[in-house]
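The values are calculated or read from the model by the stated rules, or taken from the named source; none is laboratory data. All figures in this text were calculated on a predicted structure; none of them were measured in a lab. Here the Cβ is made from the backbone with ideal geometry for all residues, glycine too, and neighbour counts use every protein chain on show.
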There are 4 protein chains.
Amino acid sequence: MDLNADVGESFGRWTLGDDAGLLAVVTSANVACGFHAGDPLTLQRTCALAHQHGVTIGAQVGYRDLAGFGRRFIDVGPADLSADVLYQIGALAAMARAAGSEVRYVKPHGALYLAVMTNHGQATAIVDAICAYDGELAVLGLPGSVLLKTAQVAGLRTVTEAFVDRAYRADATLVPRSEAGALLHDPAQVAERAVQLAVQGTVTADDGSLIEVSAESLCVHGDTPNATVIAAAVRGALIEAGVDVNPFIAPR
Amino acid sequence: MDLNADVGESFGRWTLGDDAGLLAVVTSANVACGFHAGDPLTLQRTCALAHQHGVTIGAQVGYRDLAGFGRRFIDVGPADLSADVLYQIGALAAMARAAGSEVRYVKPHGALYLAVMTNHGQATAIVDAICAYDGELAVLGLPGSVLLKTAQVAGLRTVTEAFVDRAYRADATLVPRSEAGALLHDPAQVAERAVQLAVQGTVTADDGSLIEVSAESLCVHGDTPNATVIAAAVRGALIEAGVDVNPFIAPR
Amino acid sequence: MDLNADVGESFGRWTLGDDAGLLAVVTSANVACGFHAGDPLTLQRTCALAHQHGVTIGAQVGYRDLAGFGRRFIDVGPADLSADVLYQIGALAAMARAAGSEVRYVKPHGALYLAVMTNHGQATAIVDAICAYDGELAVLGLPGSVLLKTAQVAGLRTVTEAFVDRAYRADATLVPRSEAGALLHDPAQVAERAVQLAVQGTVTADDGSLIEVSAESLCVHGDTPNATVIAAAVRGALIEAGVDVNPFIAPR
Amino acid sequence: MDLNADVGESFGRWTLGDDAGLLAVVTSANVACGFHAGDPLTLQRTCALAHQHGVTIGAQVGYRDLAGFGRRFIDVGPADLSADVLYQIGALAAMARAAGSEVRYVKPHGALYLAVMTNHGQATAIVDAICAYDGELAVLGLPGSVLLKTAQVAGLRTVTEAFVDRAYRADATLVPRSEAGALLHDPAQVAERAVQLAVQGTVTADDGSLIEVSAESLCVHGDTPNATVIAAAVRGALIEAGVDVNPFIAPR
């Protein structure tokens, strides 16, 4: 099982997240690319740190919206979005290359991640950009999303993920961040969910029902105060339960 | 002799320059990278067009200053500037790659170009970024500049350029844009200067003196109204004078 | 009848529109506020020019999206959008004040204009910002839009407008810009439509039907190549038809 | 004696500084205006909070440089800088107005603050913007700076400040932030310096010499971890020493 987290989301004078702590725990790093967060020096340092820890580097591409942290849907047309994604992948690839590593996968961020669960135009734009850049890049996303389906049709490797610290509805969608109880903060509870996801492939929804969630990667969030504690608890519990913790695609 | 011009400097709704016209004439394209100008879709299309015309693609890196078009000196520290340059090279490299081509050289833009004639910290930052990305990239700049000296010491290939449509002082520096007569607009006069530069390696300064200027590339500006006419006149005059017009480094 | 046009939409090195020409013809100027277009110096000069011509200054507020020119819907939450609008009104008010004038009305731009035809949250956000700043400001918008209804309930003066150079559907909505025939370019045809709108309160829709359109102001677009010619033709035709051409609210 | 601090420097997802804590202690708030920091909603809330606490609102204007937090010198020309300052003052004025208050003074931020100690062009640009907006606004700056001299000649009220938590050279300039010991972190030591500054008008320089510093306001920094503790210690010590702690200009 892979563990992924968002890193590289500081911007200039503003720091966010415990990148150093998280990169010592996770196996895959969704590194911001400068459009929703991440100044170039932060990205360069984050890639260097990921490489030092043997963590696989992924490009976390987002809408061009620093003020909104990429969390607001933007109705970008496919040609523009595809170029935006290509630009971000290339920028991060240079950082990875300078660190002696490579970008191995792409994961959309925030509102773009949510949009491409259903939005064909934007999903296709992302897939087009990836294919234009490097058909060997994997795509990390939500099971059943239009993004993963489109990527699969295009011949890309797709990787499904589950969220260990987000509440699920009975229909396997996430409870929106704006609702109470959307985020789980107790490391023990989150770790327990992670083991259940990894071993049984199920998660308990917010109505108490047990739903099947197939995931090759577990996402822990990077911007919660105790993110590293949670990530470490998850990793520890997985290993204790006999689950191999490894990146879904090897770093280079 | 190589002919280079700035292209890809439109931004969203705002168009600038006759990229299609210029790319049919020049041999090397200094493509903006999004920091001083150039939205991602513009960059993608510009790289595709350059590739179609067999034009070599260079990364024209600049300060992060859309409002100032990169024409205002910014006292960026070396670590930040190096990361900014690396980011821009990578972003453009993705566009070139999607077009089936590659970035082959780097040229700083505007105030950054002027700064690294003398500023060691910023010149070194650019060279560091290039070396971290790809030591095969050439550096295009002004003869005698600190940038070219620093690049040479670092083992990079350096390429000197002269400006066919800019007035020179007797000390081989450019007359600042803010002064009258800084820009030459007459295609015939500019073409004549180009031939003199290519054949004799000299230019007539604004005080009438003849100065030696060694250049492997001639720069024509892209944002003047008759830029394409000037570029075509230069190319025609060079060929008529028996000068080979070829890129200083082949496109890939 | 009032004539309004968008002005102040240049940004740094990039110029757009014939502001000087338009400000000599129209009676109300929708001046960009820096979020979708308009650098501060452009805004300052535009307000000075508007004041010289006795043209009423309005704040054309938009989404924070220079790359998209405010033409892409952004799902901004009401609190953020209200603050964004307030910020823009204040910024432009300073420019108007420095010119010896004042902002007298607000008109949303581009995708925000379209959104608030139906989007209650964003319409209310705009109205809240206006009320918080100055309840004497008028609101210029489309007849029947949620924005105007919300503004009216809040006690603001509302002003309806029609588009002389845009094709209409039979349901009085505009043909989207992306469709052929959406924009009319013939000055004589546009001028004729303007007179029909002003005198009879009707417009001929794209299916040939005659629809009633109540408008206190006629909008001519500023970013078409012959915008000034069209605006002058409209003004001339209106005056010839005996229509008083005056701002709907006096400049200060 | 007035106590001033920088507030409103958060941006979107990124928070910075303990605005609520500081606004309960200081008498004047240098509120960011969106160019170096401060998204509109943050500015609106900060102005509302300042007004609740009876704190005077000042516009902390900066270079247009979010990535550099306004801490990098930018060689902006006077016309552009003046428009940039005017834009920022107006934007913040709208926020203050919505809160039932007003902007009463202007203080440049970061690299702009340092530049206008000696840079006549940029100092004049700021003064021009202030005069164009409202000649009743005061200017807060360093004693002996070109900014204050220029403002005085223009008939503006000038207010001098000293830094209670910054080390001074014997020539009354500040030890640059890049040097060790530039920032003082011990609340007791800072409070003692504040009293010495307020009562005796002197400060002990880093070479041990006693220098005269005339100041009508004392600045405490907002972005140090214990900023509020330091500010409270300063206020407490001043009151205990019999110094009246009041804004240099009353809020409105």
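Tabulated values for the structure
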{"item": "Filter pass, A:Val26 being touching a strand residue (DSSP E or B) at 6+ places or on another chain (Cβ under 8 Å) and at pLDDT 95 or above", "result": "yes"}
{"item": "The listed residue being of a type outside the set (Ser, Thr, Tyr), under 19 Å from C:Gly155 (Cα atoms) and at pLDDT 95 or above, out of C:Ile57, C:Ile126", "result": "C:Ile126"}
{"item": "Test: residue in the range C:185-192 that is in a helix (DSSP H, G or I), without any contact (Cβ under 8 Å) to a residue 60 or more places away in the chain, of a type in the set (D, E, K, R) and over 30 Å from C:Gly77 (Cα atoms)", "result": "yes"}
{"item": "Given (1) within 14 Å of chain C (Cβ to nearest Cβ); (2) closer than 13 Å to B:His109 by Cα; (3) of a type in the set (A, V, I, L, M), number of the condition B:Leu41 does not satisfy", "result": "(2)"}
{"item": "So D:Gln122, is it in contact with a strand residue (DSSP E or B) (Cβ under 7 Å, 6 or more places away or on another chain) and not hydrophobic (A, V, I, L, M, F, W, C)", "result": "no"}
{"item": "Residue ranges of strands (runs of 3 or more DSSP E) in the range C:198-252 with at least 1 members surrounded by fewer than 21 Cβ atoms within 10 Å (Cβ to Cβ)", "result": "C:202-204, C:210-212"}
{"item": "Residue match in the range A:108-120 (condition: hydroxyl-bearing (Ser, Thr, Tyr), surrounded by fewer than 16 Cβ atoms within 10 Å (Cβ to Cβ), free of Cβ contacts under 8 Å to residues at least 40 places away in the same chain and assigned to a loop (DSSP other than H, G, I, E, B))", "result": "yes"}
{"item": "Filter result (of a type in the set (Phe, Trp, Tyr) and either more than 19 Å from C:Ser28 (Cβ to Cβ) or not in a strand (DSSP E or B) (or both)) within the range C:149-171", "result": "C:Tyr168"}
{"item": "Long-range neighbours under 7 Å by Cβ, at least six apart or interchain, first residue crowded, with 24+ Cβ neighbours inside 10 Å within the range D:22-46, second modelled with pLDDT of 95 or more and among the basic types (Lys, Arg)", "result": "D:Asn30/D:Lys107"}
{"item": "Whichever residue in the range B:138-176 is under 16 Å from the mean Cα position of the chain (by Cα) and among the basic types (Lys, Arg) and, among such residues, is farthest from B:Val199 (Cα to Cα)", "result": "B:Arg157"}
{"item": "Within the range D:177-219, considering residues that are within 29 Å of D:Arg157 (Cα to Cα) and acidic (Asp, Glu), the one nearest to the chain's Cα centre (by Cα)", "result": "D:Glu216"}
{"item": "Single match in A:Ala96, A:Ala83 (criterion: within 19 Å of A:Glu136 (Cα to Cα), at the interface with chain B (Cβ under 10 Å from one of its Cβ atoms), in contact with a Cys (Cβ under 6 Å, 6 or more places away or on another chain) and crowded, with 24+ Cβ neighbours inside 10 Å)", "result": "A:Ala96"}
{"item": "Answer residue from the range A:127-154, given it is out of contact with any strand residue (DSSP E or B) (no Cβ under 6 Å at 6 or more places or on another chain), under 19 Å from B:Pro40 (Cα atoms) and among the aliphatic types (A, V, I, L, M) and is surrounded by the fewest Cβ atoms within 10 Å (Cβ to Cβ) among those", "result": "A:Ala132"}
{"item": "Subset of the range D:9-21 (residues that are buried (at least 24 other Cβ atoms within 10 Å of the Cβ) and over 19 Å from D:His53 (Cβ atoms))", "result": "D:Phe11"}
{"item": "Hits in the range B:47-60 - residues which are within 14 Å of chain A (Cβ to nearest Cβ) and surrounded by 24 or more Cβ atoms within 10 Å (Cβ to Cβ)", "result": "B:Cys47, B:Ile57, B:Ala59"}
{"item": "Among (1) of a type in the set (Gly, Ala, Ser); (2) more than 9 Å from every other protein chain (Cβ to nearest Cβ); (3) in contact with a Lys or Arg (Cβ under 8 Å, 6 or more places away or on another chain) - the single one A:Ala5 does not satisfy", "result": "(3)"}
{"item": "Residue list for the range D:61-77, restricted to those being buried (at least 22 other Cβ atoms within 10 Å of the Cβ), in contact with a strand residue (DSSP E or B) (Cβ under 8 Å, 6 or more places away or on another chain) and more than 14 Å from chain A (Cβ to nearest Cβ)", "result": "D:Val61, D:Ile74"}
{"item": "Residues being aliphatic (A, V, I, L, M), part of a loop (DSSP other than H, G, I, E, B) and under 20 Å from B:Gly90 (Cβ atoms) - total across the range A:121-148", "result": "1"}
